[in-house]
């Protein structure tokens, strides 16, 4: 009897608490997925379907346990969320917790909050933020791409962070962390205390046209001013030593003067600066130099940046150069011809991305490394030949090179990455006998109807124009333009992902009884439904 009474008392307490929470307007617990960690509740996902504007009032307790954290990506992508109330007791907002919540205009952080994760509010609609005294950790890009955000204000009692004029800094204002994306004004002068501009601190700002970097500033970190498309004026103080990867990508400079004190410059520092005609380096710089407005390391072995708007439609890479840096020629849309005189061994990621007028490229015989997406979106490129020294053709290397009709491989190529030639117009493919691996959708949207293998001791196998693994057990890829009836090779056991993703087989295929595995997306691509098969015969039944 006593046990029964305890059960009824417990149930009564639970129902009373539940009703009390609902009476205060808290969002019901069933609207969330959550987990118990150290006897506390972490909300992992908001699961209620919403089709219009809605608000959430997070309860302080669920199942009698304190709610202490909003987990990673818990509300991510809930565009119609236009209000969130966080109770006292919440200590953590996880990575990307409210990313993409474009209608979320305002939220108040409880005084219990200690940590805001990376990208926590990225792309949200916040227009004002108040950081409480207890916050000790703010992750990178926590308020990135918040285009409505006019100010970030920090409690003066906070021991780790501070703000000035609505801009977020560390406590001593030596690190500028975030310049609000919606802050009014077209110019800004950094405080004299600043020594570092943080990762993507100004990135994506479309209002600023002029920034004055203070004397004493030493480091501009990765993408700090990336895609500040109207930023036309900036100075490099004599104190500046480090410019991070793509630090000024997509800005509107016409000319850049790199000071003598700069000792480190990352990859693609001025990539896609559409108006940039010249990059000049101050005499006396011990680590970098410029030649005819092009940025190099001191010995001219590394070509770092070719200005997008440099006059002329052709360029001869100096003989001393061995490395073409990441995004070095990216978006040079007027360049038609680039020639290599010396022993270039490496062409970096996106090195010639969006060089839409480039119509031919002679890759040097010395080349051993080619970066991801190195020639992506070179629309007019028609032919390419690969030297035997190059073993890997990386992912997306020639994706969307629409006019690329002729590709000549050499013995020595071992792998072709995923989407490497997706969207090209290649009409005939002869793979080298040395090839051991072909990435997913490497030749998707091309025009050839059969694979061919060069003579030699081939590492792969071709059966009626279809590519298989060396042992014939895995069907790797069926060409897009292969048509009619096709019977898979006897002994086939596996059909790889995207193998038939856009084949134009219009009649039927016969799948042998030996097939034991068909990848979920074997007959469908990333952006298309797959082949229009009339019939598929499974000898021995489907696996």
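Please treat every number below as a calculation from the coordinates, not as lab data. For clarity, every value in this text was computed on a predicted model and none was experimentally measured. As a convention, Cβ positions derive from the backbone with ideal geometry for all residues, glycine included, and neighbour counts pool all protein chains shown.
A few comments on the model shown:
- Under the simplified labelling scheme, the residue 150-residue 334 pair shows an inter-label distance of 4.1 nm, with each label point 7 Å from Cα along Cα→Cβ.
- With each label modelled as a point 7 angstrom along the Cα→C-beta vector, the residue 436-residue 45 pair spans 3.9 nm.
- Sorted by Cβ density within 10 Å, fewest first, the residues 227, 419, 463, 206: 206, 463, 227, 419
- Spin-label pair residue 63-residue 174: with each label point 7 Å from Cα along the Cα-Cβ axis, the two points sit 4.6 nm from one another.
- Gain on full stretching of the segment that runs from residue 537 to residue 447 - 0.36 nm per residue minus C-alpha separation: 29.8 nm
- Each residue in 455, 326, 257, 221 was given a count of other beta-carbon atoms within 10 angstrom of its own, and listing them fewest first yields 455, 257, 221, 326.
- Within the chain, percent of DSSP bridges classed antiparallel, to nearest 5: 25
- Calculated FRET efficiency for the pair residue 514/residue 160, C-beta based, R₀ 51 Å, to 0.05: 0.20
- Computed over the stretch 185-292, relative contact order equals 21 percent, with contacts defined as Cα pairs under 8 Å that lie 6+ residues apart.
- Rounded to the nearest 0.05, the FRET efficiency derived from the C-beta distance between residue 287 and residue 316 at R0 = 30 Å is 0.80.
- The per residue volume of the convex hull around the alpha-carbon atoms of the stretch 420-501 is 85 Å³.
- Backbone N within the stretch 288-303 under 19 Å of label point (7 Å from residue 345 Cα along the Cβ vector): 297-303
- Every Cα-Cα pair in the stretch 362-475 was counted, and those over 24 Å apart are 17% of them.
- Over the chain, dividing the summed -39,500 (n - 2.57) contributions of all DSSP H runs of at least 4 residues by the number of residues returns a 222 nm mean residue ellipticity of -1500 deg cm²/dmol.
- Residue-span extension gain [residue 192 to residue 369] - 0.36 nm each, minus C-alpha spacing: 59.4 nm
- FRET efficiency, residue 37 to residue 280 (Cβ-Cβ, R0 41 Å, nearest 0.05): 0.15
- Taking the chain and dividing mean pair separation by its residue count, relative contact order in percent (alpha carbons under 8 Å, at least six apart): 4
- Equivalent ellipsoid dimensions for the stretch 185-292 as semi-axes, Å, which come from the Cα gyration tensor, largest first: 19, 17, 12
- Ranked 395, 160, criterion: other C-beta atoms within 10 Å, fewest first: 160, 395
- nm² value of the averaged projected area, convex hull over the Cα atoms of the chain: 32.9
- Relative contact order for the stretch 366-442: 29 percent, from Cα pairs under 8 Å spaced at least 6 residues apart, divided by residue count.
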